[in-house]
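A short worksheet on the structure shown next.
The values are calculated or read from the model by the stated rules, or taken from the named source; none is laboratory data. Note that the structure is a prediction, hence the values are computed from the model and not measured. Ideal geometry is used to build each Cβ from the backbone, glycine not excepted, and the neighbour counts take in all protein chains shown.
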Amino acid sequence: MTELIVSADGPVLRVVFNRPDQHNALTWAMWDGLYDACERADADPDVRLLALSGAGGRAFVAGTDISQFTAFSGGEDGIAYERRVQRIIDRLERVRVPTLAVVDGYCVGGGLVVAAACDLRIATPEARFGAPIAKTLGNCLSMNTYSLLVHHLGPGRTLDMLLRARMFSGAEAAAAGFVAELCSPEELQARQDEVERRLLAHAPLSMWAAREALRRLRVARLPEGDDIVAEVFGSEDFRAAVPAFLAKEKVTWQGR
């Protein structure tokens with residue numbers, strides 16, 4: 001099975017995360033394929049929109065495949081991981097054409113970051129948005145990801161999501177302004193088509209200017225955060241939590 005399906009549909013380049021049995025959890029090949037799709041979108045003058053979705057109807061993306069963390073041995077591995085992800089997320093934000101995330105089901109962890117890096121999000125009420133790492137892996141996010149979440153949700157909602165390990169419903173995400181359009185699963189395709197038609201009808205440079213200006217405003221004062229990532233990914237808690245998560249066992253948090 002092809003884990004990431006990238007196809008041209010007229011002026012729309014479609015990216016489908018395609019591991020439905022694993023809730024489309026991202027392997028490194030899928031992360032790298034997303035980067036390549038962004039490169040393709042910018043290299044092809046016929047592409048005027050990049051649309052991302054998940055296969056199977058149960059998830060957009062339910063995070064990074066946790067088995068990839070089993071080889072981590074310390075904080076430096078966490079820094080390398082977050083830098084690799086940030087390179088891809090930064091590339092997605094910099095794509096010159098508008099980007100649309102279509103969310104039905106879980107949009108968690110790495111999936112939440114991918115959706116947050118897109119310009120617009122449409123979703124169903126059944127969609128669930130979150131990064132429940134405080135009760136699963138005991139790891140942390142990169143400074144860039146914290147910035148993205150605060151940019152979209154504000155500090156209060158971001159801390160509520162992270163500290164309580166809350167999953168926001170589609171309706172809550174729409175009320176927060178994170179989701180631009182909310183519709184039933186049966187209406188999702190028609191609503192996606194409508195949003196795409198509207199974007200394709202608008203001036204490309206005007207849309208690029210708005211997107212690029214907001215991106216620059218967000219990253220203008222982005223602080224360094226490698227020390228945070230190193231401490232958390234290098235912790236005893238994280239080393240214990242990864243195998244426990246894969247074995248579906250409970251973790252006793254030590255705070256070290």
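crowded, with 23+ Cβ neighbours inside 10 Å, of a type outside the set (D, E, K, R) and out of contact with any Phe, Trp or Tyr (no Cβ under 8 Å at 6 or more places or on another chain): does that describe Val113? So Val113 passes the test.
For the range 130-142, the set of residues classified as buried (at least 18 other Cβ atoms within 10 Å of the Cβ) and either within 19 Å of Arg218 (Cβ to Cβ) or not aliphatic (A, V, I, L, M) (or both) consists of Gly130, Ala131, Thr136, Gly138, Asn139, Cys140, Leu141, Ser142, listed by residue number.
Scanning the range 52-100 for residues that are closer than 21 Å to Val242 by Cα and among the aliphatic types (A, V, I, L, M), we see that the one that is surrounded by the most Cβ atoms within 10 Å (Cβ to Cβ) is Val61. Of all residue pairs spaced 6 or more apart or on separate chains, those with beta-carbon atoms under 7 Å, a first member in the range 106-132 that is touching a residue at least 40 places away in the same chain (Cβ under 8 Å) and within 19 Å of Glu196 (Cβ to Cβ) and a second member that is charged (D, E, K, R) and assigned to a helix (DSSP H, G or I) are Asp119/Arg211; Ile122/Arg191. The one condition from (1) surrounded by 13 or more Cβ atoms within 10 Å (Cβ to Cβ); (2) aliphatic (A, V, I, L, M); (3) out of contact with any Ser or Thr (no Cβ under 7 Å at 6 or more places or on another chain) that Ala213 does not meet is (1). Could you tell me whether Val229 is at pLDDT below 95, more than 20 Å from Cys107 (Cβ to Cβ), within 21 Å of the chain's Cα centre (by Cα) and part of a helix (DSSP H, G or I)? Judged against the criteria, Val229 is not a match.
Count of the range 157-188 residues, restricted to those that are surrounded by 13 or more Cβ atoms within 10 Å (Cβ to Cβ) and assigned to a helix (DSSP H, G or I), is 15.
Name the residue that is farthest from the chain's Cα centre (by Cα), counting only residues in the range 136-156 that are among the aliphatic types (A, V, I, L, M) and in a loop (DSSP other than H, G, I, E, B). The selected residue is Leu137.
Scanning the range 3-26 for residues that are assigned to a strand (DSSP E or B) and either among the basic types (Lys, Arg) or surrounded by fewer than 16 Cβ atoms within 10 Å (Cβ to Cβ) (or both) returns Ile5, Ser7, Ala8, Asp9, Arg14. Candidates in the range 189-209 are the residues that are in contact (Cβ under 8 Å) with a residue 24 or more places away in the chain and either touching a helix residue (DSSP H, G or I) at 6+ places or on another chain (Cβ under 8 Å) or loosely packed, with under 15 Cβ neighbours inside 10 Å (or both); of these, the one that is farthest from Val97 (Cα to Cα) is Leu199.
Right, Val16: touching a residue at least 60 places away in the same chain (Cβ under 8 Å) and over 18 Å from Leu141 (Cα atoms) or not? In short, no. Listed by position, the helices (runs of 4 or more DSSP H) enclosed by the range 27-135 that each have at least 1 residues that are modelled with pLDDT under 95 and over 12 Å from the mean Cα position of the chain (by Cα) are 28-43, 75-94.
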